Amino acid sequence: MNILGPDTLYFGVDDVALCERFLKDYGLEPVGDGRFEALDGTGVVIKRGDDPSLPAWNLPTANMLRKTVYGVKDAATLDSIKQEFDGEREVKVLADGSLELVDDLGFVLGFQISVRKPHQLKAERVNAPGDVHRPANITGVSIDTAEPAPKPRTLSHVVYFVPDAEKAERFYADRLGFKVTDKFIGMGPFLRPAGTSDHHTLFFIQTPPQLQGCEHFTFHMGGPTEVMKAGYAFAEKGWESYWGPGRHRFGSNWFWYFNSPMGCHIEYDADMDQHDDDWSPRLAPGIVDNSQVFLFHWREKWAPGGKPE
């Protein structure tokens, strides 16, 4: 199935205004009706928790992520998804032509022909002795201190707390064609759908049932410098850093996580590994040393000769 990755996340929240300010400060563009978009059109929709247009959350946790909508390549993929589940569980065909169903863990999924738009933005280039990527006189960092923070490029991945990671893996692998790229033993798998080479668009973390819900979601940036610049700008607006900046082992992506008012964490990421079907998944214990190569801690900027607080 040619599923590309997550297109839109729908949240039902307690404080709409606060969440909208949060997403705007994060770098997403408000486009109306509670929708905030990255540069390629993927994004997040914020609604009140009691909004009748949102799917109900029928599990015991106070999960604010109410629906994950995946973008697919074409109508043929939508048809194949519908045929896969027809007669077994309810598959709604919504007014916009998208599909809606519930997975084996109780999460509501949507599928639509992807909204992703092409964008012509270059990745960060790195110069090293013997392998120069940035031409002469092209600087890696601007000296313009008023330059705006970089914008998120595309919705990257979603992470769920689940009571049965093996059951979740079987559903997405066997029914939707996701591939396991790597797995933390005793914790859960990283998975990518057939339509992307990203290391993962989905990760499950085994937890007690009372914690089931969204742990975090993230958008891709153009490189580690963009992660750092966007994260600094976000922190300076008063939002609380949770973990990072740093770099993961599985996926190799740079990361910086923040607390959010949406009942989960949000991340900036960049430089994720790319894989094809020749890749063999790795297994490792789900311990701190296997989660990160290194980790920094954010603090206020300081100048040479000054004393950091």
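What follows is calculated from the coordinates using simple rules that are stated; it is not laboratory data. Predicted, not measured: the structure shown is a model, and the values here were computed from it. Cβ placement follows ideal geometry from the backbone for every residue including glycine, while neighbour counts extend to all protein chains displayed.
Find the relative contact order for the chain and round it to a whole percent, using C-alpha pairs within less than 8 Å whose residues are 6+ positions apart. It would help to have the intermediate numbers written out before the result.
Details: 675 pairs, mean separation 56.7, N = 309.
It comes to 18 percent, rounded to a whole number.
Pairs exceeding a 26 Å alpha-carbon distance, out of LYS67/LYS167; LYS67/LYS151; LYS122/LYS183; LYS73/LYS237; LYS179/LYS229: LYS122/LYS183; LYS73/LYS237; LYS179/LYS229.
Rounded, prolate or oblate: which fits segment 233-300 when a ≥ b ≥ c are the square roots of the eigenvalues of the alpha-carbon gyration tensor, with rounded for a/c under 1.5 and prolate only if a/b beats b/c? The partial results should precede the final answer.
Details: a/c = 2.25, a/b = 2.01, b/c = 1.12.
Prolate, because a/c is 1.5 or more and a/b exceeds b/c.
For segment 147-245, applying the loop criterion from DSSP together with a ceiling of 14 other beta carbons within 10 Å to the GluC sites (Glu not before Pro) yields GLU240.
Taking every DSSP beta bridge that has both ends in the chain, the antiparallel portion is near 65%.
Only four residue types carry charge here, +1 at the Cβ of Lys and Arg and -1 at the Cβ of Asp and Glu. Report the dipole size of the chain about the Cα centre in Debye, rounded to the nearest 20. If you can, show how the numbers build up before the last one.
Values: 32 positive and 45 negative charges, 115 e Å.
Using Cβ point charges on Lys, Arg, Asp and Glu, the chain gives about 560 debye.
The distance separating the Cα centre of segment 88-114 from that of segment 176-199 comes to 21 Å.
With a/c under 1.5 counting as rounded, go ahead and sort segment 1-67 into rounded, prolate or oblate using the C-alpha gyration tensor (a ≥ b ≥ c being the square roots of the eigenvalues; past the cut-off, prolate if a/b is larger than b/c, else oblate).
Details: a/c = 2.10, a/b = 1.13, b/c = 1.85.
Since a/c reaches 1.5 but b/c is at least a/b, the shape of segment 1-67 is classed as oblate.
Compute the acute angle (0 to 90°) between the alpha-carbon long axis of helix 16-26 and the principal axis of greatest extent of the alpha-carbon atoms of the chain; round to the nearest 10°. Compared with the principal axis, the helix lies near 50 degrees. Its DSSP H runs of at least 4 residues, each contributing -39,500 (n - 2.57), put the calculated 222 nm mean residue ellipticity of the chain at -4000 deg cm²/dmol, to the nearest 500.
For the Cα atoms of the chain, what angle does the longest principal axis make with the long axis of helix 224-236, in degrees from 0 to 90, nearest 10? Between the helix axis and the principal axis of the chain, the angle is about 90 degrees.
Going by average Cβ density within 10 Å per residue, which order do the peptides 123-132, 193-202, 78-87, 151-160 take, highest to lowest?
Numbers: 123-132: 10.3, 193-202: 21.0, 78-87: 14.2, 151-160: 23.7.
The peptides rank, most packed first, as 151-160, 193-202, 78-87, 123-132.
Shown for LEU54, LEU4: other C-beta atoms within 10 Å of each C-beta, ranked fewest to most, produce the order LEU54, LEU4. Taking the 0 to 90 degree range and rounding to the nearest ten, how far is the long axis of helix 75-85 tilted relative to the main principal axis of the chain, both from C-alpha atoms? Roughly 50 degrees, rounded to the nearest 10. Scanning the chain for cysteines with no neighbouring cysteine C-beta under 4.7 angstrom from their C-beta gives CYS19.
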